[in-house]
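Only one structure is covered here, and it is reproduced in the block below.
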Amino acid sequence: MGKKVTVVGAGFYGSTTAQRLAEYDIFETVVLTDIVEGKPEGLALDLNQSRPIEGFETRIVGATTGPNGEGYEAIEGSDVVVITAGLPRKPGMSRMDLLGVNAKIVRQVAENVAKYAPNAVVIVVSNPLDEMTALAQIATQFPKNRVLGQAGMLDSARFTNNVAEELKVPVGSVKTLTLGSHGDTMVPVPSKSSVNGKPLAELLPADKVEELVTRTRNGGAEVVALLKTGSAYYAPSAAAARMAKAVAEDSGAVMPVCAWVDGEYGISGVYLGVEAEIGAEGVKKVVETDLTASELAGLKEAAEAVRAKQADVADL
Ligand SMILES: NC(=O)c1ccc[n+]([C@@H]2O[C@H](COP(=O)([O-])OP(=O)(O)OC[C@H]3O[C@@H](n4cnc5c(N)ncnc54)[C@H](O)[C@@H]3O)[C@@H](O)[C@H]2O)c1
């Protein structure tokens, strides 16, 4: 049997994720669901019609779902489920402003995922990311390694792009890393960032690095301010799709993701942005990297900030 991946939510993030997953041509089926009647079916038909042109065989199945689980039988047997359902930010909003409304959506989706795809690895992208990932684990009751969130791949890609543009070098020559939360306590890690293996600190003055770090931290808001009607989705969908691919292929690829941390970096009992090996069981292992004292302090600060908020999501 070929692999099956489901994308819940057929908005901008979900539909572009479904497209990327289908175009990898490694899945037998990509299921796309939404509560807006006909939207996932229409997008699925459109995507299927692109197959002869793009030359891939993965079939895309659209399914409208209801609040009581109607339509969820379409996701049965999924190896991976990407949850994108929920409202995006508008200009001036923080990700935390979405907490109440998206918690209701993510809880309801996660409960149905647990019922219809009990063996799936769940990748959460709905915001606020760290809290929604914690909530999805609570609502599914899946082992913590089987529920993870997407943020670090995107934030690191933004950091990399910022560095590449600043130095006018190919993005392929730049390595960067961001850890921490997908929010104010994001921790870009300049000490692990380099261009052609040369540390960033040797290529740019400290104030320039700080400027790029700040732009990275505000990367999502910068796009929201320009779009005015929604948030980013090309880079976010690329990140989520790569994570789903690593699960499907059991690749063991090391990626920055929102994962359950249990002792690493001296931090325990919280979903936090860290590097992890990704495979068929979700997070195979959290990978620790050497951090400077101030980066480690930033990571611990992020952990405490998200811990306080994650404690509240159980009641939402
Ligand atoms: N983690 C990240 O890095 C990151 C990046 C960008 C966006 N996001 C978040 O991703 C989410 C989706 O963003 P978007 O741009 O696709 O928004 P969007 O408004 O385009 O799409 C959201 C979709 O979810 C659907 N939906 C709502 N309730 C649902 C339910 N119960 N079941 C199934 N579908 C449901 C809506 O009908 C809509 O089609 C937002 O919360 C946004 O903040 C996260």
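A short reminder: the numbers here are calculations on the coordinates, not readings from a lab. Nothing here was measured: the structure is a model prediction, and the numbers come from that model. For neighbour counting, all protein chains shown are included, and Cβ atoms are generated from backbone atoms with ideal geometry for every residue, glycine included.
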task = Mind computing the radius of gyration and Dmax over the alpha-carbon atoms of region 239-296? Å is fine for both.
result = 11.8, 36
ask   = Dipole of the chain (Lys/Arg Cβ +1, Asp/Glu Cβ -1, origin at the Cα centre): which of Val287, Asn218, Tyr13 lies farthest to the positive side?
value = Asn218
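What net charge is computed for the residues neighbouring Pro118, neighbours being all others with C-beta under 15 Å from the C-beta of Pro118, Lys and Arg scored +1, Asp and Glu -1? Can you show the working numbers first?
Details: positive: Lys4, Lys115, Arg146; negative: Glu73, Glu76, Asp79, Glu111, Glu281.
My count for the surroundings of Pro118 gives -2.
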ask   = Which part of region 128-152 falls in the paramagnetic zone of Ser94, meaning amide N under 17 Å from the point 7 Å along Cα-to-beta-carbon?
value = 128-132
ask   = What is the spin-label model distance, in nm, from Val287 to Ala225 if the labels are put 7 Å beyond Cα along the C-beta direction?
value = 3.4 nm
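Taking every pair of distinct Cα atoms and averaging 1/r, then inverting, what Kirkwood hydrodynamic radius in Å comes out for region 198-245? The partial results should precede the final answer.
On the way: mean 1/r = 0.0780 Å⁻¹.
Over region 198-245, the inverse of the mean reciprocal pair distance is 12.8 Å.
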Local electrostatic count, Arg51, Cβ distance below 15 Å [Lys/Arg +1, Asp/Glu -1] = -4
query = What are the residues whose amide H is under 5 Å from the amide H of Val187, where those residues sit 5 or more places off or on another chain and H is modelled from the backbone?
reply = Leu179, Gly180, Ser181
query = Quick one: if you take sqrt(5λ) for each eigenvalue of the C-alpha gyration tensor of region 46-167, what semi-axes come out, biggest first, whole angstrom?
reply = 26, 23, 15
For Asp79, net neighbour charge (Lys/Arg +1, Asp/Glu -1) across residues whose Cβ lies under 12 Å away = -1
ask   = What Rg and what Dmax come out for region 113-245 when only alpha-carbon atoms are used, in angstroms?
value = 16.5, 53
request  = Could you pull the Cα extents of region 39-91 along its three principal axes, largest to smallest, in whole Å?
outcome  = 36, 34, 21
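Name the trypsin sites (Lys or Arg not before Pro) in region 150-200 that are in a loop by DSSP and that have at most 13 other C-beta atoms within 10 Å, would you?
On the way: sites: Arg158, Lys168, Lys175, Lys192; in loops: Lys168.
Loop-located and lightly packed - Lys168.
May I ask for the percentage of alpha-carbon pairs in region 181-316 that lie more than 17 Å from each other? Present the calculation step by step, with values, prior to reporting the outcome.
Working: 6239 of 9180 pairs.
Of all Cα-Cα distances in region 181-316, 68 percent exceed 17 Å.
Tell me, what are the semi-axes, in whole angstrom and largest first, of the equivalent ellipsoid of the chain as set by the roots of 5 times the Cα gyration tensor eigenvalues?
Working: eigenvalues 187, 95, 68 Å².
Equivalent ellipsoid of the chain: 31, 22, 18 Å, largest first.
Compute the normalised compactness of region 165-223: alpha-carbon radius of gyration over 2.2 N^0.38 Å, N being the residue count. Please report the intermediate quantities before stating the final value.
Numbers: Rg = 11.4 Å, N = 59, 2.2 N^0.38 = 10.4 Å.
Expressed relative to 2.2 N^0.38 Å, the Cα Rg reads 1.10.
Averaging over every viewing direction, what projected area does the convex hull of the Cα atoms of region 1-86 cover, in nm²?
Working: hull surface 20.1 nm².
The Cα convex hull of region 1-86, projected and averaged over all directions, gives 5.0 nm².
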